[in-house]
Amino acid sequence: MRQILLAAEEVDWHEIPGVRLLGAVLGTLFLIAAIRSMFGRGGR
């Protein structure tokens, strides 16, 4: 169990492909939401 914890500590979380993909998707969604709110199309 100790070896598994040490192996997990050596990997940076931002180097995991799934985390990078999730960050790109969320960043794109937040960018679209910000642009829409700037132009008054917030969906309300």
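The values are calculated or read from the model by the stated rules, or taken from the named source; none is laboratory data. A quick note: this is a predicted structure, and the numbers were derived from the prediction, not measured. Cβ atoms come from the backbone with ideal geometry, glycine included; neighbour counts cover every protein chain shown.
From (1) surrounded by 10 or more Cβ atoms within 10 Å (Cβ to Cβ); (2) at pLDDT below 75; (3) β-branched (Val, Ile, Thr), pick out the condition that doesn't hold for residue 11. Tallying (1) surrounded by 10 or more Cβ atoms within 10 Å (Cβ to Cβ); (2) at pLDDT below 75; (3) β-branched (Val, Ile, Thr), residue 11 fails exactly one: (1). Filtering segment 14-28 to residues that are within 10 Å of the chain's Cα centre (by Cα) and at pLDDT 80 or above leaves 18, 19, 20, 21, 22, 23, 24, 25, 26, 27, 28.
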